[in-house]
Every structure is written in C-alpha cells, then in structure tokens.
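Visitor: Sharing a structure with you now.
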Amino acid sequence: METEPVTYEVTDGYAVITLNRPDKLNAFNEAMHGALIQALERAEQDAAVRALLLTGSGRGFCAGQDLSDRSFPTDGEAPDLGATLERLYNPLVRRLRALPKPVLCAVNGVAAGAGANVALACDIVLAARSARFIQAFCKIGLVPDSGGTYSLPRLVGEARAKALALLGTPVSAEQAEAWGMIWQVHDDADLMPEAQKLCAHLATQPTRALGLIKRAIQESATNDMDAQLDLERDLQREAARSPDYREGVAAFLEKRPPRFTGA
Ligand code: T3D
C-alpha cells in the first residue's frame with residue numbers, strides 16, 4: 001500500500017498536517033505538493049478548524065525539492081524551474097500567508113531549501129533543538145525561493161540574510177531563535193507537546209481577529225505608516241462586527257473567561 005505524502009488529522013479544534021516522505025526527509029514531489037495544498041484548503045474551509053499545525057514525519061522537517069525528480073542529461077534541456085515555482089511553490093506560500101487562521105510550524109528536524117522557507121512562511125515557528133535551517137539553494141546553483149528572499153532579510157536583517165543565502169551555512173534552532181528568525185526552540189521531546197498546547201490554545205481564541213492580525217502584520221511589510229493606519233482602521237471595524245468581540249468585552253465586564261466561538 002502506498003503511503004500518503006501528507007497526513008491530516010483534526011484534534012482539539014486544530015488540524016495537524018504532517019509532511020510524510022520520511023525516507024527523503026519529506027522532500028517535495030508533485031504528490032506531496034498536491035496533498036499539502038488540499039490539506040490547507042480543507043483546513044481553511046472547515047469552521048471547526050481554528051488553527052493549523054504543520055510538521056514533518058521522521059527525523060527531518062523538509063529537505064526542499066526532491067532532487068531525484070530533477071536529474072537531466074548534461075546536454076539535455078534545462079527544466080523550467082520558473083514554471084514549477086509558479087505552479088507549485090508560489091501558490092503554497094501564498095496560501096499559507098493568506099489563510100485567515102493561525103498556522104504554527106513545528107520544525108522537527110532539518111529544514112533545507114524550500115523546506116526552510118515554507119517553515120518561515122508560517123505564522124509561528126517552533127523548532128526542535130536538533131533542527132537546522134539551511135538555505136541550501138546556492139549549493140546546487142539555485143536562488144532561494146518560496147519567499148526566502150522576502151522573509152529572511154525581514155527576519156534577520158540583510159547582512160545575515162545575504163551570508164546565509166550565499167554560503168548555505170546551516171543555522172541551528174538556538175541561533176534561529178536568538179536572531180528572531182523563529183519564535184521558540186524546545187528540546188526535541190518537548191517540541192510536539194508544546195506545539196499542540198499552543199495550537200489548542202489558539203483554537204479557543206477569536207479566530208476572525210487572529211486572521212485579521214496576521215493580515216495587518218503581513219501587510220505592514222510593504223505599507224507606509226499612513227497606509228498601515230488606514231488598514232488598522234478597516235480591520236478594526238471588521239473585527240468589531242464579530243460576535244467574538246462582543247463576547248470578549250462581555251466576559252471582561254462580567255469578570256469571567258471568554259467563550260470564543262471563532263465567529
Ligand atoms: O526544482 C524546483 O522545482 C525549484 C524549486 C526548488 C526548491 C528547493 O528546495 S531547491 C533545494 C533542494 N534541496 C537541497 O538542495 C537539500 C538537499 N539535501 C541536503 O543537503 C541534505 O540531505 C540535508 C542537509 C537536508 C540533510 O543532510 P543529512 O546528512 O542529515 O541527510 P542525508 O543523508 O543527506 O539525507 C537523507 C536521505 O534523504 C538521503 O537518502 P538515502 O541516501 O538515505 O537514500 C538523501 O538522498 C535524501 N534526501 C535529502 N534531501 C533530499 C533527498 N532526496 C531527494 N531530494 C532532496 N532534496
């Protein structure tokens with residue numbers, strides 16, 4: 001029986017999406033791309049899912065593109081990798097960013113190439129102490145993709161981003177946390193329990209507001225202060241129309257914990 005390239009499970013109000021090609025360190029092939037996009041769509045559409053947890057099976061998170069699908073004769077025509085970015089990687093990163101629910105990534109092991117940048121496209125990134133982030137592209141004559149040239153300089157600054165991309169030097173999980181590239185590092189055994197705890201918490205929170213917060217922070221990367229103030233005005237207006245806002249204020253005034261429904 002063929003194993004599913006991605007597994008999907010809903011528990012405690014959140015979806016766990018696991019990249020599942022452990023023998024290849026969960027490298028991306030077409031099947032895994034297709035299954036991952038499907039899983040993200042499913043989680044987005046299911047109102048009972050109020051947060052997502054992306055992780056990998058086995059000892060790695062994701063080693064980027066499956067290079068065994070990329071061998072071509074030295075005198076053969078080069079593959080059109082612009083087309084694969086357009087068709088597979090770019091829609092994936094766009095979907096993660098546009099998803100109106102929080103996406104937590106638990107980087108359980110090495111994250112290389114597109115694997116590293118897909119992790120960085122998630123909203124909250126936790127990593128196991130043994131994990132490494134590698135901008136492996138330069139080692140095979142490619143350019144960082146999956147949003148890496150956007151997210152890395154913003155997360156760690158241009159000097160570090162350039163050195164990481166030009167040298168392909170692995171970044172330890174601890175270094176990634178110290179640089180602000182990720183949220184937290186945890187001992188390997190604690191990673192999943194911590195990730196599950198955070199997702200279970202997120203799944204009880206005002207989901208619509210969390211989606212708007214995510215959008216506001218993302219859009220700030222390209223807005224000036226005036227545009228951002230306008231955006232905050234519009235999103236606040238929208239948030240205030242949600243039943244969860246009413247519930248939040250009522251709970252505060254009644255000195256009781258809020259019961260958010262995600263509406
Ligand atoms: O092509 C396009 O469509 C454009 C998009 C490109 C996006 C990209 O991601 S390009 C970058 C591709 N990724 C890489 O270049 C990383 C290649 N992998 C590595 O450098 C290393 O495997 C790691 C640093 C990630 C981990 O090293 P290590 O020593 O922990 O493990 P390993 O022994 O190298 O790998 C374990 C197995 O996974 C091994 O298979 P084997 O020998 O046990 O049968 C290895 O071949 C396989 N594997 C790892 N990465 C890939 C892979 N197989 C296919 N593709 C991979 N990317």
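No lab work stands behind these numbers, since they all come straight from the coordinates. If you're wondering where the values come from, they're calculated on a predicted model, not measured in any experiment. Using ideal geometry, Cβ is built from the backbone for each residue, glycine included, and neighbour counts are taken over all protein chains shown.
Visitor: Note the angle between two axes, namely the Cα long axis of helix 243-253 and the longest principal axis of the Cα atoms of the chain, as a number of degrees from 0 to 90, rounded to the nearest 10.
Guide: Tilt of helix 243-253: around 60 degrees.
Visitor: Additional query: What residues qualify as long-range amide H neighbours of VAL185, i.e. H under 5 Å apart, gap of 5 or more or another chain, H built at 1.01 Å from N?
Guide: Residues meeting the criterion, in which the H sits 1.01 Å from N, are ALA127.
Visitor: Under 5 Å between amide H atoms, partner at least 5 residues away or on a different chain: which partners does ALA112 have, H built in plane at 1.01 Å?
Guide: CYS62, ALA63, GLY64, ILE134
Visitor: I need MET32, MET192 ordered by Cβ neighbour count within 10 Å, fewest first.
Guide: Placing the least packed residue first, the sequence is MET192, MET32.
Visitor: How large is the convex hull of the Cα atoms of region 120-263 per residue, expressed in Å³ as a whole number?
Guide: Normalising the Cα hull of region 120-263 by residue number yields 140 Å³.
Visitor: Using only the alpha-carbon atoms, how far is helix 30-45 inclined from the longest principal axis of the chain? Give it as 0 to 90 degrees, nearest 10.
Guide: Roughly 0 degrees between the two axes.
Visitor: Alpha carbons only, please: Rg and Dmax for the chain, in angstrom.
Guide: 19.2, 74
Visitor: Using a/c under 1.5 as the rounded threshold, could you call region 7-144 rounded, prolate or oblate? The axes a ≥ b ≥ c are square roots of the C-alpha gyration tensor eigenvalues, and prolate needs a/b larger than b/c, oblate otherwise.
Guide: Here region 7-144 falls in the prolate category.
Visitor: In addition: On a 0 to 90 degree scale, rounded to 10, what angle separates helix 158-167 from the longest Cα axis of the chain?
Guide: Helix 158-167 sits at roughly 30 degrees to that axis.
Visitor: Based solely on its DSSP helices, what 222 nm [θ] is calculated for the chain when runs of n ≥ 4 H residues each add -39,500 (n - 2.57) and the sum is averaged over all residues, nearest 500 deg cm²/dmol?
Guide: -13500 deg cm²/dmol
Visitor: Alpha carbon centre of region 29-104 versus region 177-251: separation in Å?
Guide: Region 29-104 and region 177-251 have Cα centres spaced 23 Å from each other.
Visitor: Give the share of C-alpha pairs in each 10 angstrom bin for region 207-253, from 0 to the last occupied bin, in whole percents, shortest bins first.
Guide: Spelled out per bin, shortest first, that is 27, 46, 23, 5.
Visitor: I would also like to ask the following. Which of the aspartates and glutamates could a cross-linker span from LYS24 if the Cα-Cα distance has to be under 17 Å and same-chain partners fewer than 8 positions apart are dropped?
Guide: GLU2, GLU4, ASP66, ASP69
Visitor: Still on this structure: Give the aspartates and glutamates reachable from LYS162 as a straight Cα distance under 16 Å; neighbours fewer than 8 places away on the same chain don't count.
Guide: Partners within reach: ASP145.
Visitor: Please give every one of the lysines within straight-line cross-link reach of LYS197, meaning a C-alpha to C-alpha distance under 25 Å, and leave out same-chain neighbours fewer than 8 residues apart.
Guide: Hits, sequence-local ones excluded: LYS101, LYS214, LYS255.
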